[in-house]
Amino acid sequence: MVKPQRPGASNGKKKGPLKGTGGLGRKALEGRGPTPKAEDRAWHPAGKRKAAAERYAASGGKGKPGGRASSGGSPNRSARAKDNTSDTETVTGRNSVLEALRAKIPATAFYIAQRVEMDDRVKEMLSIATNRNVPVLEVTRQELDRMAGFDGVHQGVALKVPPYEYAHPQDLLEKVISRGQVPLFVALDGVTDPRNLGAIIRSAAAFGSQGIILPQRRSAGVNSAAWKTSAGAAARIPVALATNLTTQLKEFKKQGVFVLGLDGDGDVALPDLQLADRPVVIVVGSEGKGLSRLVTETCDQIVSIPINAATESLNAGIATSVALYQVATIRAAR
């Protein structure tokens, strides 16, 4: 009598020859060889740049490889022309989109929600986009939600723009001096939150700063979140990139610019600041660590903002606003 088998149990009978795998197992372990270089991968940005350079060479050098499309304003507002539309930023919010259109940033598409509530700002956006031949696309609010991201607020409009093109710090200084103005810059030492960057750009525009300086590494950039938080001020205030922030600050000092660092343990209280009417760059540290050691050693003065003892510190955006307001107030009084 044969015992009934448990469901799923093997009956012990072999099916077919089982001598080896014919090398299939060994081949599966061999892998696919070394990873190709970035420029040899067609989908990688480096690969796209290489392909563009090859097309440029094949065309006999006509045009400019990686050419720049002027925004019609100052060089600080120009934007890099990209072959791939994925290399764009999405600016959302009525103030931000309107300021970007007013600044003649070379937008590639203007999106407007179906049955959007029309106000003066929306009417002006439509007028500017139409006059500049920017494609106007009516989309659903769900599509705008997707474009704006998880925490984005689009207010029924969005604008596709090329990536932000940064100025050079030395160019900022020379332009301010050529206009007969007293330089007032803000430098960020490791501020990595783009919303803090956007808030600082907005404060800089409100209190007369002529530009923001960012280090090339370990810093937030002017992306869609910074655009949104700046409420469009990113279209008016130039942002420069410094290869090395400490070195750039030292160069500024050689040219008569005083470097003021913000820190809770400063040796000068903000109300007692004597250098406000001089050419200055205010350096703001990161949200967690504050100013780095090398930057601190480079500063002419470390300035503290008097606050209530119950409050441990101010975030980078608020501290910058307070400092810029104080400097603007002193300059106006003198």
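Bear in mind that the values in this text are calculations on the coordinates, not laboratory data. Computed from a predicted structure; not experimentally measured. Cβ placement follows ideal geometry from the backbone for every residue including glycine, while neighbour counts extend to all protein chains displayed.
Can you compute log10 of I(q)/I(0) for the stretch 169-333 with the Debye formula, treating each Cα as one identical point scatterer, at q = 0.17 Å⁻¹?
Scattering profile of the stretch 169-333, log10 relative to I(0): -0.97.
Give the calculated FRET efficiency between ASP120 and ASN315 to the nearest 0.05, with a Förster radius of 22 Å applied to their Cβ-Cβ distance.
0.10
For ALA109, which sequence-distant residues (separation of 5 or more, or a different chain) have an amide H within less than 5 Å of its own amide H, given hydrogens modelled in the peptide plane?
So ALA109 has HN proximity to LYS160.
For the stretch 88-182, what is the Kirkwood estimate of the hydrodynamic radius, computed as the reciprocal of the mean inverse distance between distinct Cα atoms, to one decimal in Å?
This gives a value of 14.5 Å.
Would you calculate the separation in nanometres between label points at TYR325 and LEU275, each defined as 7 Å from the Cα along the Cα-to-beta-carbon direction?
2.3 nm
Rounded to two decimal places and with Rh computed the Kirkwood way over Cα pairs, what is Rg over Rh for the stretch 227-303?
So for the stretch 227-303, dividing Rg by the Kirkwood Rh gives 0.99.
Per 0.36 nm of contour for each residue apart, how much would the distance between GLU251 and ILE307 grow if the chain were fully extended, relative to their Cα-Cα spacing?
Using 0.36 nm per residue and subtracting the Cα-Cα distance, I get 16.9 nm.
Run the numbers for ASN95 and THR243: contour at 0.36 nm per residue of separation, minus the present Cα-Cα distance, in nm.
Using 0.36 nm per residue and subtracting the Cα-Cα distance, I get 50.1 nm.
What is the total of Lys pairs in the stretch 175-334 with C-alpha atoms under 25 Å apart, excluding same-chain pairs fewer than 8 positions apart?
For the stretch 175-334, qualifying lysine pairs total 5.
Given the C-alpha atoms of the stretch 137-184, compute the convex hull and give its volume per residue in Å³.
155 Å³
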